[in-house]
1. In the stretch 204-216, how many residues are in contact with a Lys or Arg (Cβ under 8 Å, 6 or more places away or on another chain) and either under 20 Å from Pro266 (Cβ atoms) or not in a loop (DSSP other than H, G, I, E, B) (or both)?
2. Looking at the stretch 112-162, which of the residues that are open to solvent by 30 Å² or more (accessible area, probe 1.4 Å) and out of contact with any helix residue (DSSP H, G or I) (no Cβ under 8 Å at 6 or more places or on another chain) is nearest to Ile42 (Cα to Cα)?
3. How many of the residues in the stretch 68-111 are open to solvent by 10 Å² or more (accessible area, probe 1.4 Å), closer than 22 Å to Ala284 by Cα and touching a helix residue (DSSP H, G or I) at 6+ places or on another chain (Cβ under 6 Å)?
4. Just checking, does the stretch 231-242 include any residue being surrounded by 18 or more Cβ atoms within 10 Å (Cβ to Cβ) and outside any helix (DSSP H, G or I)?
5. Looking at the stretch 70-103, which of the residues that are at pLDDT below 95 and of a type in the set (A, V, I, L, M) is farthest from Glu183 (Cα to Cα)?
6. Can you pull out the residues in the stretch 191-222 that are more than 26 Å from His77 (Cα to Cα) and open to solvent by 10 Å² or more (accessible area, probe 1.4 Å)?
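The values are calculated or read from the model by the stated rules, or taken from the named source; none is laboratory data. Quick caveat, the model's predicted, so the values are computed rather than measured. Positions of Cβ are backbone-derived with ideal geometry, glycine not excepted, and every protein chain shown enters the neighbour counts. Please note that ligands, DNA and RNA were not included when accessible areas were found on the heavy atoms of the full protein model with its side chains. Shrake-Rupley method; radii C 1.70, N 1.55, O 1.52, S 1.80 Å.
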Amino acid sequence: VCSMGNSTSRLYSALAKTLSSSAVSQHQHCLEQPDLAQPDPIDPKDLLEECQIVLQKRPPRFQRDFVDLKKNTASNHRPIRVMQWNILAQALGEGKDNFVQCPMEALKWEERKCLILEEILGYKPDILCLQEVDHYFDTFEPLLSRLGYQCTFFPKPWSPCLDVEQNNGPDGCALFFLKDRFELINSANIRLTAMKLKTNQVAIAQTLKCNETGRLFCIAVTHLKARTGWERFRSAQGCDLLQNLKSITQGAKIPLIICGDFNAEPTEEVYREFSNSSLNLNSAYKLLSPDGQSEPPYTTWKIRPSGECRHTLDYIWYSQHALNVNSALGLLTEEQIGPNRLPSFNYPSDHLSLVCDFSFNQDPDRLL
């Protein structure tokens with residue numbers, strides 16, 4: 001059992017048993033079929049309080065405000081809050097990423113997981129899309145299922161986490177949605193291809209029905225290949241994902257939201273492919289710019305031995321003919337991030353979380 005600090009939570013400690021890699025392999029059946037057993041519910045306020053007890057010696061969570069983006073469009077249903085976040089795989093943060101300005105103590109999983117959970121609990125997403133998840137079975141699935149989420153995980157076939165000693169199994173993409181708001185209609189785990197070859201990158205795409213409106217939509221999460229020099233590879237992966245999503249959404253008849261760490265600046269070809277797709281996609285965070293045409297200046301900011309890296313790599317794409325963006329969570333300022341950049345004692349990942357509130361267009365039969 002993993003302690004959550006000096007004040008160990010009975011609520012949490014019962015759930016936080018660390019699974020070895022072999023234990024994770026025994027759970028492979030969970031990747032395809034959702035667990036039909038109903039977990040005992042927990043109150044999110046209780047879990048948040050437990051996290052804050054563990055984090056009492058750390059600085060308080062950053063204040064970020066939502067920016068209202070509604071354009072006098074009335075909606076007759078509650079908005080759908082979608083959260084996108086590369087949470088930083090624990091094995092990579094401690095063993096591979098070399099954040100030279102981040103103390104190793106700030107990366108301790110016993111506390112860092114509480115920072116991650118505090119961020120999620122603070123924004124209360126209806127749908128949560130995560131990348132670099134390597135503690136799915138021992139942390140996120142046990143807890144989020146008890147908070148009312150249906151959980152799906154798809155690991156990378158050759159996760160770099162497995163190269164790190166004392167790893168917790170492979171990292172991958174994970175998708176969570178509130179079962180009281182949505183019904184799962186279809187789920188697809190997609191291993192992305194490039195140049196007709198299967199790659200190490202994956203995606204999850206799920207068709208959901210909104211219980212309040214009866215409307216269908218597709219939510220997808222992905223994480224494309226990293227590093228400079230792999231631009232054509234990312235472009236091919238993006239094309240493959242778009243082709244899959246065209247089929248799943250019946251050529252954009254079903255509205256679509258795509259969350260991901262694309263590892264690509266807006267200048268890359270894969271970004272242009274999504275911008276110009278026949279799926280009629282727009283990037284939600286462009287709407288924060290004065291002209292509605294520019295991406296944020298950064299979604300990740302870190303310092304490695306090779307120098308400082310500030311990039312825009314993370315996006316929430318959406319069907320602009322069928323969905324409206326009601327609001328978006330503002331980014332951290334440079335002053336908030338601080339000179340040592342991310343991750344830090346204040347913030348658990350090298351990527352910022354993105355959060356948007358969506359509503360359905362009131363004219364569902366509107367043509368593309």
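1. Of the residues in the stretch 204-216, the ones in contact with a Lys or Arg (Cβ under 8 Å, 6 or more places away or on another chain) are 209-212, 215-216.
Of the ones still in play, those that are also either under 20 Å from Pro266 (Cβ atoms) or not in a loop (DSSP other than H, G, I, E, B) (or both) are 209-210, 216.
Going through the stretch 204-216 one residue at a time, the tally reaches 3.
2. Looking at the filtered set, the residue picked out is Arg146.
3. 1
4. no
5. That would be Val100.
6. Arg191, Thr193, Met195, Lys196, Leu197, Lys198, Asn200, Gln201
Residue-by-condition table, conditions (1) among the β-branched types (Val, Ile, Thr); (2) open to solvent by 10 Å² or more (accessible area, probe 1.4 Å); (3) touching a Cys at 6+ places or on another chain (Cβ under 7 Å):
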position: Leu313; (1), (2), (3): no, yes, no
position: Ser319; (1), (2), (3): no, no, no
position: Ala328; (1), (2), (3): no, no, yes
position: Thr333; (1), (2), (3): yes, yes, no
position: Pro348; (1), (2), (3): no, no, no
position: Phe360; (1), (2), (3): no, no, no
position: Asp363; (1), (2), (3): no, yes, no
